[in-house]
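> One structure is given below, represented as structure tokens, and several questions about it will come after.
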Amino acid sequence: MENDEVVIDLRVLMWEILRKWHIILVVCIIFAVASGMFGIHKNKAQSVEVSPENLYEKLKPAEIVKVNNLVSIQKRIDEKTEYEKNSIYMSLNAYDVDVARTDFILSDNPDNKYIRQMYTTFMFEGGLYNNIVKEYKDDISLENLSELVKIMISDKKVNVNEDSEENYYKGNDLNRIISVRILGKDKEQCQKLQSLVIKNVKQYEKSVQSKYNNHSIEEVSSNVYKAVDTDIAYAKSAYDSQMYSLYNEYQSIYNVLSDTQISLFDKLLNEDEKLNEDEELIEEKEETVQPVSGKISLKYVIVGILAGGFLSVVAIVLITMFNGRIFVQRQITDRGLARVFGTFGKNKNNIASVVLGDVGTDKTSQLDIIVAKVNVYCKKNDISELVIIDNCTTETGKSRMKSVVDTIQKSGIDCKKVTLSEGDSKYTELCDKNNIVVIEELGKGTLKSLEYMFTQLKDLESKVCGVICVQ
């Protein structure tokens with residue numbers, strides 16, 4: 001039947017949802033607590049301490065080999081990733097790099113092959129690098145420095161004169177030149193490293209002179225210039241190729257592992273991480289799981305709040321749609337049940353009023369305006385007395401109704417209040433009574449019951465003037 005259709009305004013629905021905010025809040029709290037407890041239980045179940053030995057017993061030798069291979073690949077990936085992250089050399093643009101060069105030329109000396117060995121030992125075996133690291137103002141590691149400052153020497157017998165190899169053994173050839181090539185992330189760093197290299201080599205010259213009196217060294221340096229460094233490009237290309245190969249190898253192994261193998265893999269990686277931590281953390285190995293498992297996961301709490309809010313809103317929407325309550329006066333007029341003189345009283349849903357304003361509710365009318373409408377209607381229809389049906393259920397509603405009735409009486413229209421009795425015969429006392437005005441409290445009565453009331457009054461040949469809504 002048409003009268004049984006569920007029709008509800010979305011704006012009215014929003015008001016009803018906000019009116020039940022306290023219910024939604026309680027449900028959200030309950031779901032958040034329940035979800036948080038579930039998260040704690042799940043974390044405890046996942047963090048049960050299982051030793052690698054127990055996992056080893058569940059696997060075959062070939063399966064263990066795969067796990068160990070995967071651990072090895074993961075370590076290599078981590079090492080290369082850490083290197084690339086911290087390396088200044090890998091951060092340089094191979095096609096626009098700042099370069100400086102310094103050549104150190106040994107003086108003519110029959111002992112130059114020994115002198116040269118002293119300098120190369122000082123440079124290659126870390127003496128030069130260690131001194132620069134100590135003196136360099138910014139933080140720079142020995143590994144970074146060894147990539148930026150490169151010593152270039154020739155092991156070939158390149159003679160100045162072509163007469164014989166005698167010059168080589170006398171140290172009187174191009175092997176007297178030791179070249180240093182310096183890279184930097186910018187011009188300033190390049191110049192700073194170059195000056196430190198020259199300073200430390202000059203200081204080491206004094207140590208050499210203490211053994212070889214006739215020795216001296218000459219320094220020839222270039223300014224910082226831009227260049228293309230194919231070694232950097234090659235290093236980056238090699239790094240990318242190696243990482244691509246490692247990731248493919250890692251993925252191909254990981255995809256075929258069983259859950260037990262994956263558990264062993266995670267366990268071995270975690271143990272390696274613990275070995276790098278302080279000894280105190282290693283000694284507390286058995287206790288490390290407990291604090292973590294006892295923590296409430298924020299993720300589960302948020303999921304619980306969202307689930308609780310969603311379900312409570314859905315429940316409120318369904319109840320509101322099917323309970324047929326009257327929330328606004330236009331529900332009565334849209335249904336064509338009766339004339340509505342107005343709505344008296346402020347909506348008690350303060351939160352909804354702040355959020356929605358007047359959207360979805362009736363703008364309340366001043367009491368004198370409602371009474372004026374009643375007076376106009378009564379004069380037009382020559383009515384001097386009204387029968388008031390009290391359809392209010394709360395103290396607030398009854399208080400509003402009393403104010404309405406008293407004001408109507410003060411305007412010169414007599415009002416006879418009728419409170420309907422319970423039972424099937426409650427409308428019989430209205431038989432032959434006319435000029436009925438129903439005081440309806442919004443949010444309490446239903447359209448179905450109001451419509452039934454009007455049907456009964458019509459059957460009793462009672463005339464209804466209209467409805468006054470209170471809230």
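No value in this document is a laboratory result; all are computed from the given coordinates. Predicted model, so just to flag it, every value in this text is computed and none were measured. Reconstructed Cβ throughout: ideal geometry from the backbone, glycine too, with neighbour counts over all protein chains shown.
> Have a look at I30, S107, P61 and report the one farthest towards the positive end of the charge dipole of region 29-145, computed about the Cα centre with Cβ charges (Lys/Arg +1, Asp/Glu -1).
Checking the options against the dipole of region 29-145, the answer is I30.
> Something else: Which net charge results for the neighbourhood of N69, defined as the other residues with beta-carbon distances under 13 angstrom from its beta-carbon, given Lys and Arg at +1 and Asp and Glu at -1?
Net charge in that neighbourhood comes out at +1.
> Give me the distance between the Cα centres of region 446-471 and region 119-146, rounded to whole Å.
98
> Go through region 99-109 residue by residue and turn each phi into a ³J(HN,Hα) via Karplus (6.51, -1.76, 1.60, θ = phi - 60°); whole Hz please, and just put x for glycine and proline.
10, 9, 9, 10, 10, 10, 10, 6, 6, 4, 7
> So which GluC sites (Glu not before Pro) in region 24-104 are both in a DSSP loop and have at most 14 other Cβ atoms within 10 Å of their Cβ?
In loop regions of region 24-104 (DSSP not H, G, I, E or B), the sparsely surrounded GluC sites (Glu not before Pro) are E49.
> Can you give me the distance in nm between label points at N381 and N68, each placed 7 Å from the Cα along the Cα-to-Cβ direction?
9.9
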